[in-house]
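Take a look at the structure below.
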Amino acid sequence: MMNILLIFFALPIATIIISVALQKILDNPVLVAAIIFAIFLVVTFIIGDLNFLIATILYTIISFLTAAIINYIDENNENNENNDNNGDNGNNNNNTNQCCRRR
């Protein structure tokens with residue numbers, strides 16, 4: 001019973017948390033997934049269980065998806081901050097400064 005809870009609940013949540021932290025540090029979803037895969041692969045060979053090898057592949061997919069989502073969110077936040085700093089409030093009208101300019 002304890003192994004089932006560990007495999008299906010605790011380890012996926014730990015994978016998500018570690019993936020978010022690694023993504024913030026490394027800023028590369030593929031590298032994050034590769035590190036998670038390497039860690040779980042070592043654990044799989046220590047345990048020596050085929051079921052955990054399948055879980056390792058699933059954890060790697062979860063890790064990549066989590067890192068990709070965090071990467072997407074970070075890129076959108078950077079784009080929004082750049083637009084706000086440039087004075088662009090979503091209005092792409094280039095003639096906004098010309099209407100109030102004195103001649």
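Name the residue, out of Asn80, Asn71, that is at pLDDT below 95 and assigned to a helix (DSSP H, G or I). Break it down into steps so the answer makes sense when it comes.
Values: Asn71 fails: at pLDDT below 95.
Being at pLDDT below 95 and assigned to a helix (DSSP H, G or I) holds for just one of Asn80, Asn71, which is Asn80.
Could you tell me which residue of region 35-49 is least open to solvent (accessible area, probe 1.4 Å), considering only residues that are of a type outside the set (Ser, Thr, Tyr) and in contact with a helix residue (DSSP H, G or I) (Cβ under 8 Å, 6 or more places away or on another chain)? It would help to see each step written out before you state the result.
Kept after step one, since they are of a type outside the set (Ser, Thr, Tyr), are these residues of region 35-49: 35-43, 45-49.
Adding the requirement that they be in contact with a helix residue (DSSP H, G or I) (Cβ under 8 Å, 6 or more places away or on another chain) leaves 35-37, 40-41, 43.
On the way: Ile35: 59, Ile36: 5, Phe37: 76, Phe40: 25, Leu41: 47, Val43: 53 Å².
Of everything passing the filter in region 35-49, Ile36 is least open to solvent (accessible area, probe 1.4 Å).
What about Thr44, is it polar (S, T, N, Q), assigned to a helix (DSSP H, G or I) and either more than 15 Å from Tyr59 (Cβ to Cβ) or modelled with pLDDT of 95 or more (or both)?
Details: polar (S, T, N, Q): yes; assigned to a helix (DSSP H, G or I): yes; either more than 15 Å from Tyr59 (Cβ to Cβ) or modelled with pLDDT of 95 or more (or both): no.
It is false that Thr44 is polar (S, T, N, Q), assigned to a helix (DSSP H, G or I) and either more than 15 Å from Tyr59 (Cβ to Cβ) or modelled with pLDDT of 95 or more (or both).
Return the pair list, or none, for Cβ contacts closer than 8 Å from residues in region 1-20 that are open to solvent by 50 Å² or more (accessible area, probe 1.4 Å) to residues that are modelled with pLDDT of 95 or more and part of a helix (DSSP H, G or I), at least 6 apart or on different chains.
Close Cβ pairs (under 8 Å, with a partner that is modelled with pLDDT of 95 or more and part of a helix (DSSP H, G or I)) amount to Ile16/Ile62; Ile16/Ser63; Ile16/Thr66; Ile18/Ile36; Ile18/Ser63.
Among the residues of region 21-34 satisfying the criterion of being in contact (Cβ under 8 Å) with a residue 40 or more places away in the chain and crowded, with 16+ Cβ neighbours inside 10 Å, which is farthest from the chain's Cα centre (by Cα)?
My answer is Leu22.
The values are calculated or read from the model by the stated rules, or taken from the named source; none is laboratory data. Being a predicted model, the structure only gives us computed values, none of them experimental. Cβ coordinates were reconstructed from backbone atoms using ideal geometry, including for glycine residues, and neighbour counts include every protein chain displayed. Accessible surface areas use protein heavy atoms only, side chains included; no ligands, DNA or RNA. Shrake-Rupley method; radii C 1.70, N 1.55, O 1.52, S 1.80 Å.
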